[in-house]
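Structure, as structure tokens:
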Amino acid sequence: MKIAILSDFHLGYERFVDDAYIQAEEAMKKAAELSDMMIIPGDIFDVRNPRLEFLAQGVNLFMAATKKKWEAKVVAYRGGKRIHTDLPIIAIPGTHERRAQNAGNSVELLGLAGLLVDASDATVEIEKDGEKVAVFALGGLAEEKVRETLKELNPTPVAGAFNIFMFHQSIYEILPFSADFINYEELPKGFDLYVDGHIHSRLEHKVFGRPFLIPGSTVLTQLKDGEVEQKGFFIFDTKTLRYEFVKIESRDFHVEKVSVKGREPREISQEVSEKIERLIAKSKVKPIIRIVLDGELKSGYKNADLDFMELLKRYDKSAVVEISKGKVEDRESDAELESLRKGAFENISIRDYGLSIFLECLKKSEYTLKKNPTELFDILSSGEKKEKILNELMVQLFEE
Ligand SMILES: [Mn+2]
């Protein structure tokens with residue numbers, strides 16, 4: 001069977017709202033044409049409670065996919081919840097859709113509508129012409145719960161099938177940020193293919209001698225070097241055990257480094273401006289341009305003297321420009337910010353970084369309340385029900 005692996009559409013992603021939909025639509029359409037079944041490891045939507053127009057986008061995308069005459073069918077489903085279609089469109093919620101247990105989520109909702117199979121914590125068997133593929137999927141969950149959940153669920157391959165383990169979590173070797181992130185070798189053994197979402201740049205690796213694939217997001221989100229490559233999805237062929245990456249049309253994204261060493265702000269502005277104009281000229285549509293400044297300014301100047309307000313305004317209509325002064329050395333910068341700039345930061349989202357600091361602080365303060373720390377972080381950073389939860393925690397605190 002040919003399996004399309006596509007991920008992290010982030011429908012409703014505010015910064016590039018149209019790109020998110022258009023690029024997901026192209027990926028879904030091409031993937032349906034080229035494959036016998038599709039698997040989507042999470043983050044179809046950008047936020048936990050997507051607005052109706054973004055839910056409608058999700059419905060549209062999957063409704064279109066259900067129109068194809070799929071020969072492969074879901075023939076068995078164990079664990080998880082009930083399923084409402086036998087179409088081979090298999091998905092899980094990611095970190096962006098995750099809500100408190102039993103609260104329901106947007107991917108589950110698409111599953112209830114029969115537009116996909118929500119494979120959270122379940123084994124799904126798909127069959128076509130006597131060939132069987134089994135997908136065990138772990139629904140996106142708080143990182144500190146991955147180990148115990150894997151132990152509890154004990155994902156096991158199905159005899160006689162091509163076995164896929166699909167999930168949506170951080171891996172320590174890729175993001176060496178928290179001891180909560182599992183290592184490659186903690187993944188369940190015996191599967192023929194490992195598929196992960198969550199990380200937005202494409203990654204191909206081997207685990208236990210088997211392919212481990214991350215297709216990356218279909219939309220640009222983090223403006224990091226790793227995202228310069230074209231977006232797309234994988235097609236994996238179970239017969240040949242080979243796979244290819246199929247590119248989709250995505251907005252041009254460029255990262256350009258400019259050395260500021262020993263130079264004056266005016267000179268630097270000039271060079272930045274020339275670079276931006278050159279990139280605009282060679283791009284089809286409004287490109288995304290990230291300029292990274294690096295080095296130490298001519299003596300007598302400091303970081304704050306670099307002012308690009310006017311320049312940014314000038315290109316507002318022809319490009320999305322972001323200028324990072326993060327690498328300009330400034331003796332006044334404090335240690336906290338400095339650590340943000342270190343290499344490991346490159347691959348982690350701001351949310352995950354915030355979360356890791358939060359968890360670290362809770363650990364230090366010997367937090368023991370019943371509320372799950374990651375859930376608490378989500379509530380505090382979301383604005384929903386904040387007061388109510390804090391009140392409950394206060395009551396708990398005084399009771400204990
Ligand atoms: Mn994501």
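Summary table
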{"read-out": "The listed residue being in contact with a strand residue (DSSP E or B) (Cβ under 9 Å, 6 or more places away or on another chain), on the phi < 0 side of the Ramachandran plot and among the small types (G, A, S), out of A142, A100, A137", "value": "A137"}
{"read-out": "Number of positions in the range 60-97 that are out of contact with any strand residue (DSSP E or B) (no Cβ under 7 Å at 6 or more places or on another chain) and among the small types (G, A, S)", "value": "2"}
{"read-out": "Sole residue being in contact with a strand residue (DSSP E or B) (Cβ under 7 Å, 6 or more places away or on another chain), surrounded by 15 or more Cβ atoms within 10 Å (Cβ to Cβ) and farther than 25 Å from S35 by Cα, chosen from L213, L187, L150", "value": "L187"}
{"read-out": "Qualifying residues in the range 77-97 (those that are within 16 Å of the ligand (Cβ to nearest atom) and in a loop (DSSP other than H, G, I, E, B)) - the one surrounded by the most Cβ atoms within 10 Å (Cβ to Cβ)", "value": "I92"}
{"read-out": "Answer residue from the range 190-210, given it is of a type in the set (D, E) and surrounded by fewer than 19 Cβ atoms within 10 Å (Cβ to Cβ) and is nearest to I3 (Cα to Cα) among those", "value": "D192"}
{"read-out": "Complete set of residues in the range 116-127 that are under 21 Å from T238 (Cα atoms) and touching a helix residue (DSSP H, G or I) at 6+ places or on another chain (Cβ under 7 Å)", "value": "V117"}
{"read-out": "Single match in K68, K30, K73 (criterion: touching a helix residue (DSSP H, G or I) at 6+ places or on another chain (Cβ under 9 Å) and over 24 Å from K385 (Cβ atoms))", "value": "K68"}
{"read-out": "Number of the exception - G130 against (1) away from the ligand (no atom under 16 Å from the Cβ); (2) of a type in the set (G, A, S); (3) touching a helix residue (DSSP H, G or I) at 6+ places or on another chain (Cβ under 9 Å)", "value": "(3)"}
{"read-out": "Residue list for the range 150-186, restricted to those being without any contact (Cβ under 8 Å) to a residue 24 or more places away in the chain and closer than 19 Å to P41 by Cβ", "value": "Y172, E173, N183"}
{"read-out": "Tally, over the range 203-216, of residues that are more than 13 Å from the ligand (Cβ to nearest atom) and not in a strand (DSSP E or B)", "value": "2"}
{"read-out": "K145 vs. criteria closer than 20 Å to P188 by Cβ and basic (K, R)", "value": "yes"}
{"read-out": "Any hit, the range 227-236, residues being crowded, with 22+ Cβ neighbours inside 10 Å and either away from the ligand (no atom under 16 Å from the Cβ) or β-branched (V, I, T) (or both)", "value": "yes"}
{"read-out": "Residue check, I289 more than 28 Å from L306 (Cβ to Cβ) and surrounded by 16 or more Cβ atoms within 10 Å (Cβ to Cβ)", "value": "no"}
{"read-out": "Failed item, numbered, when E144 is tested on (1) out of contact with any Pro (no Cβ under 9 Å at 6 or more places or on another chain); (2) modelled with pLDDT under 95", "value": "(1)"}
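To keep it simple, each residue is scored yes or no on (1) touching a helix residue (DSSP H, G or I) at 6+ places or on another chain (Cβ under 7 Å); (2) away from the ligand (no atom under 15 Å from the Cβ); (3) over 19 Å from P287 (Cα atoms); (4) free of Cβ contacts under 8 Å to residues at least 60 places away in the same chain.
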position	(1), (2), (3), (4)
I5	no, no, yes, no
D18	no, yes, no, yes
E25	yes, yes, yes, yes
S35	no, yes, yes, no
M38	yes, yes, yes, yes
D43	no, no, yes, no
R51	no, yes, yes, yes
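The values are calculated or read from the model by the stated rules, or taken from the named source; none is laboratory data. All figures in this text were calculated on a predicted structure; none of them were measured in a lab. So basically every Cβ, Gly included, is an ideal-geometry build from the backbone, and we count neighbours across all protein chains shown.
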